[in-house]
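A.B. asks: Have a look at this one before I ask anything.
Each value in this text was obtained by applying a stated rule to the coordinates, not by laboratory testing. Every value quoted in this text rests on a predicted model; they were computed, and no experiment measured them. Methodologically, a virtual Cβ is constructed for each residue, glycine included, from the backbone with ideal geometry; neighbour enumeration extends over all protein chains shown.
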Amino acid sequence: MEPYSLRGQICQLTPFSPADTQRVFDYCQDAEIQRWTRVPVPYRMEDAAVFTTSTAQKGWDGIGFDHAREWAIRIPGRDGKPYLAGGIALTPQPPGNSAEVGFLMAADCRGRGLATDALNTVVAHAIYDLSMRRVVWQAIVGNWASRRLAVRCGFKVEGTIRSQVIIRGQPADAWIGTILAEDLAKDDGYWTEDGRVRLWD
Ligand SMILES: CC(C)(COP(=O)(O)OP(=O)(O)OC[C@H]1O[C@@H](n2cnc3c(N)ncnc32)[C@H](O)[C@@H]1OP(=O)(O)O)[C@@H](O)C(=O)NCCC(=O)NCCS
């Protein structure tokens, strides 16, 4: 599949490129990202390079359902150029009417509603454009920033799954939440009368 971009109310969601490697390396040094996501620790420049040149591209190659569509979250920078604020991924789950979302924001881009905009955009895209019945969110137990974000965007927290993820070799429990089409507010600005999201560049 050709990579495509989505337009949020603040953020542009566009594919990653090799030019993002330095910025990805820089923001992945953050302790919160290393604590709550599965990035390698220590995080090396070659990890960032593998992500921007390979991992982030794979999902667009259309090889099966287990590949994530990865978007860079970009905002207008002070120099007028897009500034990389984080990443968000949508991974379709078999048999194809559900998808899981994952995200992270650079520390200097948190607490401004940018992640909220990016998550709302991807959820609306999944449900309205891709006809997904459900989007799933998971976070390691204790990740309240992620949970607040998910709830703010309309996810219902369903419970805790024990030993759901392996983080650097250690099993960890995870919260799980879901959002369905009927949970979306029709007047939230992420939906239009013809049932599609105003997303395409
Ligand atoms: C989880 C994470 C993406 C959340 O990002 P965030 O910056 O808190 O999310 P937002 O940009 O939507 O900001 C929301 C916060 O800004 C505030 N805010 C300010 N302006 C806002 C606006 N216009 N709209 C919404 N929220 C706004 C909100 O009140 C909220 O604060 P609160 O969480 O204390 O209630 C971020 O903490 C992160 O990257 N953590 C490390 C990686 C990680 O945990 N990833 C998730 C793995 S499951």
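A.B. asks: Restricting to DSSP loop positions (anything but H, G, I, E, B) with no more than 10 other Cβ atoms inside 10 Å of their own Cβ, which trypsin sites (Lys or Arg not before Pro) remain in segment 67-131?
C.D. replies: Working: sites: R69, R74, R78, R110, R112; in loops: R78, R110, R112.
Listed in order of number, the matching sites are R78.
A.B. asks: Give me the dipole magnitude in Debye, nearest 20, for segment 6-183 about the Cα centre, with unit charges on the beta carbon: positive for Lys and Arg, negative for Asp and Glu. Could you put the intermediate results ahead of the total?
C.D. replies: On the way: 20 positive and 18 negative charges, 62 e Å.
I would put it at about 300 debye.
A.B. asks: If you average the C-alpha positions of segment 121-169 and of segment 1-65 separately, how far apart do those two centres end up, in angstrom?
C.D. replies: Each part's Cα centre sits 18 Å from the other's.
A.B. asks: Percent relative contact order of the chain, based on C-alpha pairs within less than 8 angstrom and at least six residues apart?
C.D. replies: 20
A.B. asks: Quick check on the chain: of the DSSP beta bridges with both residues there, what percent are antiparallel, nearest 5%?
C.D. replies: 90
A.B. asks: Also, I was wondering about something else. With equal scatterers on the alpha carbons only and no solvent term, can you work out the Debye log10 of I(q)/I(0) for the chain at 0.14, 0.15 1/Å?
C.D. replies: -0.81, -0.95
A.B. asks: So how do T21, T160, T121 line up by other beta-carbon neighbours within 10 Å, fewest first?
C.D. replies: T160, T21, T121
A.B. asks: A further question on this structure: Say the dipole of segment 6-183 comes from +1 at the beta carbon of Lys and Arg and -1 at that of Asp and Glu; which of A106, V151, W137 then lies farthest toward its positive end?
C.D. replies: So the residue furthest toward the plus end is V151.
A.B. asks: If you don't mind, there's one more thing I want to ask. According to the square roots a ≥ b ≥ c of the eigenvalues of the Cα gyration tensor, what is the shape class of segment 91-185, taking rounded for a/c under 1.5, prolate for a/b larger than b/c otherwise, and oblate for the remainder?
C.D. replies: It is oblate, given that a/c is not under 1.5 and a/b is not larger than b/c.
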